[in-house]
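Worksheet: the structure to be examined is printed underneath.
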Amino acid sequence: MFTWERVTSNGFELIGSDPQPLEATGRRAIRRGSSGGNPRIVGREPADGRGLRLVDYPGRVSVRPESTTGPADPMLDPGASYALDPRRVRGLLGGVAAATSGETFRTTAPFTGQPLAEVPVSTAADVAAVCDRGRRAQRAWAETEVRHRARVLLALHDLVLDRQAEIMDLIQAESGKARKHAFEEVAHVAMTARYYGLTAQRHLRGAPRLGAFPGLTQVRVNRAPKGVVGIISPWNYPFTMALSDGLPALVSGNAVVTKPDTLTMLTALSGAELLREAGLPDDLWQVVSGPGPVVGTALIDAADYLCFTGSTTTGRAVGAQAARRLVGCSLELGGKNPMLVLRDAAIGRAAEGAVRACFSSAGQMCVSTERMYVADDIYDAFVAAFLQRIESMRLAADRSFETDMGCMVSAAQLAKVTAHVDEAVAKGARVLIGGRPRPGIGPLFFEPTVLEGVRPGMSIFADESFGPVVSLYRFTTEADAVARANESGYGLNASIYTRDVSRGRRLATQIRCGTVNINEGYVPSFASIDSPMGGMRESGLGRRQGPEGIHRYTDLQAVASSRVRVAPVGLSDEAYARLFTRSLRLLKRVRRP
Ligand code: NAD
């Protein structure tokens, strides 16, 4: 097997395998032919100023390595690859704050199934110790000025943009998403860092409130950091979900301990590395590692506030555990997000937007559209336009920005999506396009899929698929469309396509979802960092982004002072009560709240 590798300052990184990804990058194999024995450099090509080399690893493909001692290394292990430079992987894994279990788990690249890393596992005791360390560091951090803390976020902003290629490589290697969707994460972290870096002072400033009596009582409300904020994050947006929720916690004077999903630890660790480089002092951002039911629960037991992003099932358990400790939590959970395409929608724009809404990150996105209600009058025209766009989508396991969709993150996710589609078809649903895995592209690829005839009783009708699958329904009246959009127990995101934006806004008020996007699927609300984002009903509690996204990490303290003694002086209690009553009536008359 041949691989193209780029020579970097500290090793090599995989560009692609010969021949397929080579074709995708437009490069030409310089020399072909196999050799027995050791890896052999069979070609070089100057590129990107650093140089590419074509390496022949004889017999590699068929052998699965069983090494448990570190990241798989093709120089030692014929089944492995340089999907990531082993030294880089070792460097990142050194960033796990504590992992004394002696256990590791192996992560693999969704594009190829090849090993990526042997990640060390933390114990519950490690998590408690890490939180203690964070709490000690937090005391001095909370004493610093907000603008000092904000500088770290603004430095992170620049680093993330400067290092975007390296970050996207990691995101793609671990999640299998397409390059353009990896870029969404880079952009979201940079936007979040910029927003809170520039607005934290305003959000955190103590503010006066109305006292009981004008001129006599003064009240000021302060915001104090909670202490240690725990962040539990999923694999689907491994960079921004591990990083963005923690930034407002940090700038408001908290320490952060994160437990990213086990599948995507390297990406999360690279975020922690960038924060250190941005000037963050030790122990204020620590990463622990391991299974949610052990390491996640230990974090809920030790943190002073918990921000969880993941499934509704896990979210219920997290919320219950936090409630037992009486610590606050925000829960960003799942969705079964509807899109309404109204009679007056611009069909081409709606079809183009629907592709983005349904298939970004291969549908593994909390705000992805999984149900579409299309006005009867334009249904056929819309479906034709939608299918035509899907047919021209490019699926590939590569790093090209031209690729429209990557793959599922894991075999479990692929199995879930396949089962949803197969069951629906067995019960009478029709596949308009897609419907099958595509192992020829990579082991975890599934086609972008559109179904008709989905009905209650099929899992896909109400359960989140979290894959590139959407069900289409006709509607005749908008009231019916809104009622069906609200049928789900979830309430995360919805979208409405209409030429009449005012009508879209009015309709949005009837939809019970935390975000509603008009003439787009999810990007405008996701990218508007000043506005709150989160779910109604079973899609969550609390909000990320905006003032709400930073205030959740603070405790409120009201400091009140009075110019006069509150107790009656020289008056009987009864006379005082009469005076008080007159004052209350007067305040209402002058409309003083
Ligand atoms: P998941 O709930 O299985 O896991 C999420 C995280 O929780 C992981 O880090 C996991 O290790 C941890 N975890 C698992 N069990 C735990 C427990 N008992 N206690 C503490 N932590 C535990 O979710 P998933 O399937 O990996 O992620 C996909 C889900 O996340 C989808 O439902 C998706 O909609 C949702 N999601 C929501 C948002 C949002 O903003 N609303 C964003 C991304 C993903």
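For the stretch 395-472, evaluate the Debye formula with one uniform point scatterer on each Cα (no solvent term) and list log10 I(q)/I(0) at q = 0.12 Å⁻¹, rounded to two decimals. Result of the Debye calculation: -0.32.
Is the stretch 266-364 best put as rounded, prolate or oblate by its Cα gyration tensor, with a ≥ b ≥ c the root eigenvalues, rounded for a/c under 1.5, and otherwise prolate when a/b is larger than b/c, oblate when not? Because a/c hits 1.5 or more and a/b fails to exceed b/c, the stretch 266-364 counts as oblate.
So what's the gap between the Cα centers of the stretch 170-212 and the stretch 233-259, to the nearest angstrom? What the calculation gives is 9 Å, centre to centre. Length available on full extension from residue 216 to residue 536: 0.36 nm per residue minus the Cα-Cα distance, which gives 111.1 nm. With only Cα atoms counted, the chain has Rg and Dmax values of 27.1, 106 Å. Building the convex hull from the alpha-carbon atoms of the stretch 337-534 and averaging its projection over directions returns 10.8 nm².
By the rule of a C-alpha distance below 20 Å, with chain neighbours fewer than 8 residues away ignored, the lysines paired with residue 177 are 416.
Could you work out the helix-only [θ] at 222 nm for the chain, with each DSSP H run of four or more residues adding -39,500 (n - 2.57) and the total divided by the number of residues, to the nearest 500 deg cm²/dmol? It would help to have the intermediate numbers written out before the result.
Working: 20 runs with 222 residues, N = 593.
Value at 222 nm, helices only: -11500 deg cm²/dmol.
Can you tell me the length gained on complete extension of the stretch residue 125 to residue 563, counting 0.36 nm per residue apart and subtracting the Cα distance? Could you put the intermediate results ahead of the total?
On the way: separation 438, 0.36 × 438 = 157.68 nm, distance 5.13 nm.
Here the segment from residue 125 to residue 563 would lengthen by 152.5 nm.
Rounded, prolate or oblate for the stretch 370-418? Axes are the square roots of the Cα gyration tensor eigenvalues, ordered a ≥ b ≥ c, and the cut-off for rounded is a/c under 1.5. Oblate shape, in that a/c is at least 1.5 and b/c is the bigger or equal ratio. The label point for residue 438 and the one for residue 505, both projected 7 Å from the Cα toward the Cβ, are 4.0 nm apart.
Mind jotting down a quarter of the surface of the convex hull over the alpha carbons of the stretch 205-261, in square nanometres, one decimal? Show your work: numbers first, answer last.
Working: hull surface 20.3 nm².
In nm², the orientation-averaged hull projection of the stretch 205-261 is 5.1.
The residue 480 and residue 589 beta-carbon pair, evaluated with R₀ = 45 Å, returns a calculated FRET efficiency of approximately 0.35.
Simple spin-label estimate for residue 313 and residue 459 gives 1.0 nm between the two label positions (7 Å along the Cα-to-Cβ direction from each Cα).
Add +1 for every Lys or Arg and -1 for every Asp or Glu among the other residues with Cβ under 9 Å from the Cβ of residue 460, and state the total. Write down the numbers at each step before the final one.
Working: positive: none; negative: 370, 423, 463.
Spelling it out: positives minus negatives among the neighbours equals -3.
Counting Lys and Arg as +1 and Asp and Glu as -1 over every other residue whose Cβ lies under 14 Å from the Cβ of residue 373, the net charge comes to -2.
Sorted on the mean count of surrounding Cβ atoms within 10 Å across their residues, most packed first, peptides 294-306, 324-336 read 294-306, 324-336.
Expressed in nm to one decimal, what extension gain is obtained for the pair residue 582 and residue 401 from 0.36 nm per residue of sequence separation less their Cα-Cα distance? Could you put the intermediate results ahead of the total?
On the way: separation 181, 0.36 × 181 = 65.16 nm, distance 7.14 nm.
Value of the extension gain: 58.0 nm.
When the alpha carbon gyration tensor of the stretch 523-580 is reduced to an equivalent ellipsoid, the three semi-axes, largest first, read 48, 14, 10 Å.
Quick one, can you get me the convex hull of the C-alpha atoms of the stretch 163-252 expressed as volume per residue in Å³?
Convex hull volume per residue, Cα atoms: 116 Å³.
Look at the dipole of the chain built from charges on Cβ: of 235, 269, 318, the Cα furthest out on the positive end belongs to 318.
Using per-residue counts of other Cβ atoms within 10 Å, averaged over each peptide, order 199-207, 267-275, 212-220 from highest down.
Numbers: 199-207: 15.8, 267-275: 24.7, 212-220: 13.7.
Descending mean neighbour count gives 267-275, 199-207, 212-220.
Working from label points 7 Å from Cα in the Cα-to-Cβ sense, the residue 139 to residue 151 distance is 2.4 nm.
Here is the tail figure for the stretch 293-347: Cα pairs spaced more than 15 Å apart come to 53 percent of all pairs.
Starting from the alpha-carbon convex hull of the stretch 485-593, give the projected area averaged over all orientations, in nm². Each step should come with its number before you reach the end.
Numbers: hull surface 49.1 nm².
With every direction weighted equally, the projected area is 12.3 nm².
The numbers here are math on the coordinates, done by the rules we state, and not lab data. Since the structure is predicted, the reported quantities are computational estimates derived from the model, not experimental observations. FYI the Cβ positions are ideal-geometry reconstructions off the backbone, even for glycines, and counts take in every protein chain you see.
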